[in-house]
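Accompanying notes for the structure given below.
Read-outs: derived from the displayed coordinates by stated rules, not from any lab. These figures come from a predicted structure and were not determined experimentally. Cβ placement follows ideal geometry from the backbone for every residue including glycine, while neighbour counts extend to all protein chains displayed.
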Amino acid sequence: MDASVICLDQKDKITDISNVISFRNLSHKSGAITHLGDNLTGAGAGDDEQILVDLTRLPKEIVKLVFTVNIYDCIARKQEFTQIQNAFVRLVNTSNNQEVYSRAT
């Protein structure tokens with residue numbers, strides 16, 4: 001599974017490919033978003049992939065962030081989300097380490 005962020009403008013458009021933050025592009029040019037890297041195995045406890053966002057540093061033209069999770073090359077690998085165990089997505093406020101949102105499969 002791969003986590004990504006898509007930065008959209010007020011017309012819900014991606015104005016530049018650098019506005020897609022993923023394992024292929026680990027940081028936004030503004031420094032506001034940083035992907036901490038791709039976990040290829042899912043081994044270990046805790047968060048496998050993390051994306052840090054500093055909302056105060058986002059350029060004013062970015063008005064929406066879309067967070068996605070996908071399976072890389074899922075068709076060729078014949079993989080789907082029903083095959084994944086113990087997957088979850090969560091949103092954490094790092095200023096107080098409080099979990100704001102969590103969703104498990």
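Just a few scattered comments:
- Per-residue ellipticity at 222 nm from helix content only, as computed over the chain with -39500 (n - 2.57) for each DSSP H run of at least four residues, stands at -500 deg cm²/dmol.
- The region of the chain that goes longest without hitting one of the chymotrypsin sites (Phe, Trp or Tyr not before Pro) in a DSSP loop, each with at most 16 other Cβ atoms within 10 Å, is 24-71.
- Formal net charge of residues neighbouring T15 (Cβ-Cβ distance under 10 Å; K, R +1; D, E -1): -1
- Three-way shape label, the chain, alpha-carbon gyration tensor, a/c 1.5: oblate
- Ranking of T15, T34 by count of other Cβ atoms within 10 Å, fewest first: T15, T34
- Given +1 at the Cβ of Lys and Arg, -1 at the Cβ of Asp and Glu and no other charges, the dipole of the chain around its Cα centre is 220 debye to the nearest 20.
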